[in-house]
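Input: a single structure, listed below in structure tokens.
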Amino acid sequence: MFFLSILPLRHDDLKEMLDSNKDSLKLEAMKRIVAMIARGKNASDLFPAVVKNVACKNIEVKKLVYVYLVRYAEEQQDLALLSISTFQRGLKDPNQLIRASALRVLSSIRVTIIVPIMMLAIKEAASDMSPYVRKTAAHAIPKLYSLDPEQKDQLIEVIEKLLADKTTLVAGSVVMAFEEVCPERIDLIHKNYRKLCNLLIDVEEWGQVVIINMLTRYARTQFLNPNINVNDDEDEDEEEKEKKAEAMAMAKRKPYVMDPDHRLLLRNTKPLLQSRNAAVVMAVAQLYFHLAPKAEVGVIAKALVRLLRSHSEVQYVVLQNVATMTIKRRGMFEPYLKSFYIRSTDPTQIKVLKLEVLTNLANETNISTILREFQTYIKSMDKDFVAATIQAIGRCATNIGEVRDTCLNGLVQLLSNRDELVVAESVVVIKKLLQMQPEKHSDIIKHMAKLTDNIQVPMARASILWLIGEYCEHVPKIAPDVLRKMAKSFTNEEDIVKLQIINLAAKLYLTNSKQTKLLTQYVLNLAKYDQNYDIRDRARFIRQLIVPTEKSGALSKYAKKLFLALKPAPVLESPFKDRDHFQLGSLSHLLNAKAGGYQELPDWPEAAPDPSVRNVEVKESVRAVGTVTYRDTGALWVFQGPQKMEGSEVTDLDSFKCLKLCLMGHVYLCRCMWTECDTQCGSDNLICQTFLSPFDSDLFSTESDSASGSESGSGSGEESGSGSQMLSFSTIAPSSTVKSYELLHRITGEGLSVEYCFSRQPFSSDANMVAVQMQFTNNSTSETKSLHMEDVKLQSGMRVKEFAEIESLPAGESATAVMGIDFCDSTQAANFQLKFFVSIQPPVGELMQPVFLTENEFKKEQGQLMGMNEITEKLTLDIKCRNEHAIVQRVTTTANLSRVPCGSDKECRFAGRTVTSGSLVLVTVVTKDEGATQLTVNCEKMVIGTMLVKDILLALTQ
């Protein structure tokens, strides 16, 4: 009573605090209210007092008010509607959290009258500068759709707009909205497919789950089955085998080639198998199971086994999926057999699932080990688990004929167990096994007949009676005696046992009527007056069938055929056999029934759809007219013109103040567009003569002139038609010293030595490959023949373009070859045979290619790669490395990056993209007094950023 009396007073106290003019009191009141909600207490009676403060100027109070309103707006809709104008003003608030909260509250008011207001708010939020607000807009879309499905067309337009968003914060939320509103509109995914694949690694964990599940279904509609030529199902029906045979015949006419977009999805999801979130790992596992080639599915096994160390709830879901996988992909879990051994601390449901997996993994090789485990499990105190173990032994005996007799003998030994439940379950399993070869096991049937005096479990008694009746010719002396005993206790038996007693009596009457005629009539008379109508009906039916009378029909002639017909042996199958038609990891798969909202996993298409639908048109901002090329050993710079900038075409040097080309051992381009600069260039000078002095006058030539037969002698741009054109930058490759690595020593190679270097030139055959230049030197006295690559061993996803075979290399001579390697943005080694086993492992800096950015572009991209994508280290430079030239040289030697213009002398910027995925890499080196320096690396791929920081730190401090 005391607490009941003070509770209203405390609420009155909170109302007074909320009505106060002091923000501190309001803030304290809101903190208490939110704490009450968090503890599960009802605070709905405070709604009028709280909603008045939605217009409070204090940001902290306003945030908490919105938290409260999101919780209770749906319950107190009328009061919430009174403040709707305040929520609309909140949508224009400078603070992104307030804008998002206002939209969240607005979408929580479930009244159809405000649907137009909600729609307008969502459209505005979808164009908001803040990705957090855009994310909230994506969350509001399904709420509005459930309130008014007629808004679907307008919401699809918003979803299409948000799908084009390049921010990882928005990606997961908009895909969830897509799944809720229009999952059938896969055309919206086409243009965004590659972007979603590349963003996947950086999306928040629950967004990753949603995107992966969506892309699984998308891939099943857009790519061909990678296992079309592989027969991976041993237990197929005849119809399925015929269908697969036809499909394989079609595939043989046209060999399977995996779509690059299919490979992109597999490659970008594989790293997520190491995620700390079990749902993400499970999502990737189901993606690989449903989409990957059979040879590559095995990579998920280790990740799933790792999840078995998690909580029992996680284990339960994982084991459900593993049990399904082991039916068709048994081989990938066999190395981890011991991981599925049962611990005494496991809950019963986990034990049963592990038993299921062990049974599925059983084969001729490991069955002895598994059966020894099962023998231990039978001694458990958990009766349900023991029963499941006995059933598992029965399944092993059914599936593996070599151990059938051993299992049967072991189960017979269990018949002498003191535990009645163990004996009962053994009887049921033995009954099923005996149906396979009854003539060989008449002794076991006799032994089981003796158990009728002791076993009281109805199912076990019924199973024994069925066996004796079915195979009564094998035990002609025992069967009538069993019927006599059963007739005595008929009225006290369970219904399932009574039915089998009637069946036994009928079978014995048909085979041995002299001994059993009176017993049968006695049993049928007892059954005639039984309380259960099933038993009464069965007795009347059997009496008419086996005891011919004048009224009996023609059916009685066939009584023996009906009762004593050969019955097929039961097939003991896994309960998970047909569950793979549900998408793994889904609730429907877990329940083995279609749950609400479940989307069917599509069948593979027979013919590959057009892959060009996923091509994205890149708006070209540069149109080349004349190209000026600087030629040097191993390096190439190209400047093109004119350039489109901000909607206007610049074709005259007078339209900007300065274009500097700084030649200090490294060449980079500095463009000062429409800004003040100390150095003024005349309109007749293409490149400042001051900076050209280290070079000869013929270093620059114009390719467009070469084509017409004229040469540009000085690079001053005096040729007609292009002399006044602005030069724009297309490709930059720093001319830093290329470092060579030893691949094969002459002693190890028996006279053949091989060195390699990363030439930093685009590989002509494939832009996603790193060009590796190899120099072969024959130091022996004899000719070396047939130098080529073989036995290539690569990590999953990596590719190699082999160099052309060197047929002969005379003694004392050298030869050069170029190969391409797609390292998949990783530093894992490419291993192969080159007469001897060799390995090429790239430094992280060689996985990049230079890219040109203006100062503004650099700052903009850097601003989008903050937080976890930014790594900063502080260091002190040696005196020799405190000048700009030394810093630039060491950074560009370490990594294949280009220099970015910068207005400060104490700051050096570099930019590049990873070769495979095109992820942006930005490096900033800021020097301060006395050598104090700050190194910052911004990279979309955190692993690459971390490794690059270490390498650059080492280069700058050496």
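The values are calculated or read from the model by the stated rules, or taken from the named source; none is laboratory data. Fair warning: this is a prediction, and the values are worked out from it, not measured in the lab. All Cβ positions, glycine included, derive from the backbone under ideal geometry; neighbour counts span all protein chains shown. These area figures cover heavy atoms from the full protein model, side chains too; ligands, DNA and RNA do not enter into them. Shrake-Rupley method; radii C 1.70, N 1.55, O 1.52, S 1.80 Å.
Residue by residue, here is whether (1) on the phi < 0 side of the Ramachandran plot; (2) surrounded by fewer than 16 Cβ atoms within 10 Å (Cβ to Cβ); (3) not small (Gly, Ala, Ser) holds:
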position: ASN869; (1), (2), (3): yes, no, yes
position: ASP878; (1), (2), (3): yes, yes, yes
position: THR892; (1), (2), (3): yes, no, yes
position: ASN896; (1), (2), (3): yes, no, yes
position: SER904; (1), (2), (3): yes, yes, no
position: CYS908; (1), (2), (3): yes, no, yes
position: VAL925; (1), (2), (3): yes, no, yes
position: THR936; (1), (2), (3): yes, no, yes
position: ALA955; (1), (2), (3): yes, no, no
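Looking at (1) touching a residue at least 40 places away in the same chain (Cβ under 8 Å); (2) closer than 29 Å to LYS195 by Cα, can you tell me which one LEU953 breaks?
All conditions pass for LEU953, except number (2).
Having 1 or more residues that are open to solvent by 10 Å² or more (accessible area, probe 1.4 Å), closer than 24 Å to LEU371 by Cβ and touching a Lys or Arg at 6+ places or on another chain (Cβ under 9 Å) is the bar; report the helices (runs of 4 or more DSSP H) wholly within the range 404-467 that clear it.
Fully inside the range 404-467 and qualifying: 404-414, 420-434.
With the checklist (1) under 30 Å from LEU169 (Cα atoms); (2) touching a Pro at 6+ places or on another chain (Cβ under 9 Å); (3) open to solvent by less than 70 Å² (accessible area, probe 1.4 Å); (4) not hydroxyl-bearing (Ser, Thr, Tyr) in hand, flag the one item VAL943 doesn't pass.
Of the numbered conditions (1) under 30 Å from LEU169 (Cα atoms); (2) touching a Pro at 6+ places or on another chain (Cβ under 9 Å); (3) open to solvent by less than 70 Å² (accessible area, probe 1.4 Å); (4) not hydroxyl-bearing (Ser, Thr, Tyr), the odd one out for VAL943 is (3).
Tally up the residues in the range 88-124 that are among the acidic types (Asp, Glu) and within 34 Å of the chain's Cα centre (by Cα), please.
So the count comes out to 1.
If you scan the range 32-70, which residues turn out to be on the phi < 0 side of the Ramachandran plot and in a loop (DSSP other than H, G, I, E, B)?
Result: ARG39, LYS41, ASN42, ALA43, CYS56, LYS57, ASN58.
Taking the residues in the range 784-829 that are touching a residue at least 60 places away in the same chain (Cβ under 8 Å) and under 19 Å from ALA295 (Cβ atoms) as candidates, determine which candidate is surrounded by the fewest Cβ atoms within 10 Å (Cβ to Cβ).
Ranking the qualifying residues of the range 784-829, first place goes to SER796.
Output the qualifying pairs, or none if there are none: Cβ atoms under 9 angstrom, residues six or more apart or on different chains, first residue in the range 360-373 and touching a residue at least 60 places away in the same chain (Cβ under 8 Å), second residue in a loop (DSSP other than H, G, I, E, B) and not β-branched (Val, Ile, Thr).
ASN360/PHE333; ASN360/SER574; ASN360/PHE576
Taking the conditions exactly as written (closer than 14 Å to PRO843 by Cβ and at pLDDT below 90), does ALA932 satisfy them or not?
So ALA932 does not fit the description; no.
Listed residues SER146, SER85, SER127; which is hydroxyl-bearing (Ser, Thr, Tyr), over 34 Å from the mean Cα position of the chain (by Cα) and open to solvent by 30 Å² or more (accessible area, probe 1.4 Å)? Give the derivation first.
On the way: SER146 fails: over 34 Å from the mean Cα position of the chain (by Cα); SER127 fails: over 34 Å from the mean Cα position of the chain (by Cα).
Matching residue, one of SER146, SER85, SER127: SER85.
Go through the range 760-776 residue by residue and tally those that are surrounded by fewer than 19 Cβ atoms within 10 Å (Cβ to Cβ) and part of a strand (DSSP E or B).
Residues that pass the stated criteria total 3.
Just wondering, is there one or more residues in the range 343-363 that are modelled with pLDDT of 90 or more, of a type in the set (Gly, Ala, Ser) and buried (at least 17 other Cβ atoms within 10 Å of the Cβ)?
No.
Any residue that is touching a strand residue (DSSP E or B) at 6+ places or on another chain (Cβ under 9 Å), small (Gly, Ala, Ser), open to solvent by less than 30 Å² (accessible area, probe 1.4 Å) and in a loop (DSSP other than H, G, I, E, B) - is there at least one of those in the range 830-852?
no
Starting from the range 728-751, take each residue that is among the hydroxyl-bearing types (Ser, Thr, Tyr) and list its partners that are surrounded by 13 or more Cβ atoms within 10 Å (Cβ to Cβ) and modelled with pLDDT of 75 or more, counting only C-beta distances under 6 angstrom and pairs at least six apart or across chains.
SER736/THR892; SER736/THR893; SER740/GLU755; SER740/CYS757; TYR741/TYR756
Scan the range 508-527 for residues that are open to solvent by 10 Å² or more (accessible area, probe 1.4 Å) and either touching a Cys at 6+ places or on another chain (Cβ under 7 Å) or more than 20 Å from ARG540 (Cα to Cα) (or both) and report the count.
4
Any residue in the range 586-600 that is part of a loop (DSSP other than H, G, I, E, B), on the phi > 0 side of the Ramachandran plot and at pLDDT 80 or above?
Applying the first criterion (part of a loop (DSSP other than H, G, I, E, B)) to the range 586-600 yields 586, 592-600.
With the extra rule that they be on the phi > 0 side of the Ramachandran plot, the set shrinks to 592, 597.
Still in the running and at pLDDT 80 or above: 592, 597.
Among the residues of the range 586-600, at least one is part of a loop (DSSP other than H, G, I, E, B), on the phi > 0 side of the Ramachandran plot and at pLDDT 80 or above, which makes the answer yes.
Could you go through the range 82-91 and let me know if any residue there is modelled with pLDDT of 85 or more and either within 30 Å of GLU150 (Cβ to Cβ) or not assigned by the TED database to the domain that holds TYR132 (or both).
Filtering the range 82-91 for residues modelled with pLDDT of 85 or more gives 91.
Next, from what is left, pick out any that are either within 30 Å of GLU150 (Cβ to Cβ) or not assigned by the TED database to the domain that holds TYR132 (or both): 91.
Yes, the range 82-91 has at least one match.
For the range 256-300, which residues satisfy the criterion of being of a type in the set (Lys, Arg) and within 15 Å of LEU196 (Cα to Cα)?
ARG263, ARG267, LYS270
Only one of (1) under 16 Å from MET947 (Cβ atoms); (2) not in a strand (DSSP E or B); (3) not assigned by the TED database to the domain that holds MET798 is not met by GLU861, so which one is it?
(1)
Which helices (runs of 4 or more DSSP H) does the range 155-234 wholly contain that include 3 or more residues that are small (Gly, Ala, Ser) and in contact (Cβ under 8 Å) with a residue 24 or more places away in the chain?
Numbers: elements: 168-181, 187-190, 193-199, 205-222.
Once the helices (runs of 4 or more DSSP H) in the range 155-234 are filtered for at least 3 residues that are small (Gly, Ala, Ser) and in contact (Cβ under 8 Å) with a residue 24 or more places away in the chain, what remains is 168-181.
Show the residue pairs that are 6+ apart or on different chains and have beta-carbon atoms under 6 Å apart, the first residue being within the range 40-56 and open to solvent by 10 Å² or more (accessible area, probe 1.4 Å), the second being of a type in the set (Val, Ile, Thr) and modelled with pLDDT under 80.
Final answer for the pair search is ALA55/THR86.
I'd like to verify a number: residues in the range 282-333 that are open to solvent by 40 Å² or more (accessible area, probe 1.4 Å) and of a type in the set (S, T, N, Q), how many?
Residues that pass the stated criteria total 2.
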